[in-house]
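The structure appears below as structure tokens.
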Amino acid sequence: SGNVTGLASGKSVTLLNNGGNPTTVTSNTSFTFSTPVAATASYTVRVAIQPVGQSCSLTNATGTSSGADVTNVGVTCSSTYTVSGSISGLSVSRLVLRLNNSSSLIVPSGSTSFRFLSGLVSGTAYSVTVGIQPPNFRCDVTNGSGTISSSSITNVSIACQPTYTVGGSVTGLTSGNVVLKLNGGASKIVSSTNATYSFASGLTSGTAYSVTVFTQPTNGVNCSVQNATGTVASANVTNANIVCSPVDYTISGSCTIYCCS
């Protein structure tokens, strides 16, 4: 048994002991599980159902009866506050947001706002991140982190915009592979079977791009990039072309001239 404190009026909390014997408490009072445990048996109390808008934590929740009644289980309930905000530019589905890298929220296409269902108690740090970007879009978070201070958070902002791929044609690569990099980061392996290529990671309009050859083929072929740099302008880049040709070798040495009369 034990005591409940901090439970708001009209709220209830349901407790379990050793995974069973559900006991619902509706006020700040003492409680006792109806099913006793054997002498020297262990016990584990946990919250099965939290009160709406509150979170209850436990003290002295586990132990062994030691042949006597256990009376010091503490249940302390506190108000919780939600984290929410606005969304702009989301015209596709499959955006997934995360709160403190645990609670996930799937946001439907066309949404202009969001709110995590799980609340946080005052004094808890919060961090909203994009868990999964929607296809061909990038969503950025502003005002995404802070600390709960006895009120709900409503000013997190999610701004989404389309992304565009960078690629082009491939000529002269008769065998082997060439490895490309986009803006020094994302890599793309292009093989001799590819007539065209594009990087999987897209860029938003207005973003500068630079395609470089990271690793040349090992079969005596040298590859270069035509139209390697530029700025994405609301369309896929398709002219960052890869042109490969055999490596030219030079022959050098010395020559001695003999003159005869």
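For residues in segment 1-15 being part of a loop (DSSP other than H, G, I, E, B) and not small (Gly, Ala, Ser), which is nearest to Thr71 (Cα to Cα)?
It comes out as Leu7.
Quick grid of which residues meet (1) in contact with a strand residue (DSSP E or B) (Cβ under 9 Å, 6 or more places away or on another chain); (2) within 25 Å of Pro135 (Cβ to Cβ); (3) hydroxyl-bearing (Ser, Thr, Tyr); (4) not in a strand (DSSP E or B):
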residue	(1), (2), (3), (4)
Gly74	yes, no, no, no
Ser86	yes, yes, yes, no
Asn101	yes, yes, no, yes
Ile106	yes, yes, no, no
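Restricting to segment 108-142, name every residue that is loosely packed, with under 14 Cβ neighbours inside 10 Å and not in a strand (DSSP E or B).
Of everything in segment 108-142, those that are loosely packed, with under 14 Cβ neighbours inside 10 Å and not in a strand (DSSP E or B) turn out to be Pro108, Ser109, Gly110, Thr112, Leu117, Ser122, Gly123, Pro135, Asn136.
With the requirement that a residue be in a loop (DSSP other than H, G, I, E, B), open to solvent by 60 Å² or more (accessible area, probe 1.4 Å) and without any contact (Cβ under 8 Å) to a residue 40 or more places away in the chain, what does segment 38-54 give you?
Residues satisfying the conditions are Ala38, Ala39, Thr40, Gln50.
Identify, by number, the condition in (1) assigned to a loop (DSSP other than H, G, I, E, B); (2) hydrophobic (A, V, I, L, M, F, W, C); (3) at pLDDT 95 or above; (4) open to solvent by 90 Å² or more (accessible area, probe 1.4 Å) that Cys260 doesn't meet.
That leaves (3) as the condition not met.
Taking segment 183-201 as the search range and keeping residues that are in contact with a strand residue (DSSP E or B) (Cβ under 6 Å, 6 or more places away or on another chain) and open to solvent by less than 40 Å² (accessible area, probe 1.4 Å), which one is farthest from Ala228 (Cα to Cα)?
Top of the filtered list is Ser191.
Quickly run through segment 55-70 and pick out the residues that are open to solvent by less than 70 Å² (accessible area, probe 1.4 Å) and part of a loop (DSSP other than H, G, I, E, B).
Selection gives Ala61, Ser65, Gly67, Ala68, Val70.
Kindly indicate whether Leu15 is within 30 Å of Gly131 (Cβ to Cβ) and crowded, with 16+ Cβ neighbours inside 10 Å.
no
The values are calculated or read from the model by the stated rules, or taken from the named source; none is laboratory data. Just so you know, these numbers come straight off a predicted model, no measurement behind them. Neighbour counts are summed over all protein chains in view; Cβ atoms, including those assigned to glycine, are modelled from backbone coordinates with ideal geometry. Calculation scope for accessible area: heavy atoms of the full protein, side chains included, ligands and nucleic acids excluded. Shrake-Rupley method; radii C 1.70, N 1.55, O 1.52, S 1.80 Å.
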